[in-house]
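Everything on this sheet refers to the single structure shown next.
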Amino acid sequence: MAAYLKVIRQECSDAVHILDRFQNVAKMNQALDNVRGEESRRVKHEQKFRRPNSAFVLRELLRYLKTDRAYLLKEAFW
């Protein structure tokens with residue numbers, strides 16, 4: 001996308017560029033994937049939710065994750 005915007009600036013400097021809905025959704029999905037990845041790495045690294053029986057406590061997990069909030073923000077955009 002950066003290359004696309006660069007060509008528009010060079011060849012059509014007076015043009016108005018409008019990102020369509022597809023591009024916006026793609027960017028939001030990419031951001032959500034980034035949050036998921038960070039969250040997964042952090043939980044794996046900290047192993048904060050491990051119990052002696054290796055069970056996860058759902059309430060603690062949901063309180064801890066940013067992924068849920070990122071998803072809700074994405075959905076609220078539309």
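A short reminder: the numbers here are calculations on the coordinates, not readings from a lab. The shown structure was predicted, so the numbers you read here are calculated from the model rather than taken from an experiment. Glycine also receives a Cβ, built like all others from the backbone with ideal geometry; neighbour counts cover every protein chain displayed.
Which length gain, in nm to one decimal place, applies between SER13 and PHE77 when the Cα-Cα distance is subtracted from 0.36 nm times their residue separation?
20.1 nm is the gain from fully extending SER13 to PHE77.
Give the cross-link partners of LYS66 among the aspartates and glutamates, using a straight C-alpha distance below 19 Å as the criterion and excluding same-chain residues fewer than 8 apart.
Within the straight-line cut-off, LYS66 pairs with ASP33, GLU38, GLU39, GLU46, GLU75.
Using packing as a proxy for protection, rank 39-47, 7-15 so that the peptide with the highest average count of other Cβ atoms within 10 Å comes first.
On the way: 39-47: 11.2, 7-15: 8.9.
Ranking the peptides 39-47, 7-15 by packing returns 39-47, 7-15.
If R0 is 22 Å, what FRET efficiency do you get for ALA2 and ARG42 from their C-beta distance, rounded to 0.05? Could you put the intermediate results ahead of the total?
On the way: r = 28 Å, r/R0 = 1.28.
Efficiency at R0 = 22 Å is approximately 0.20.
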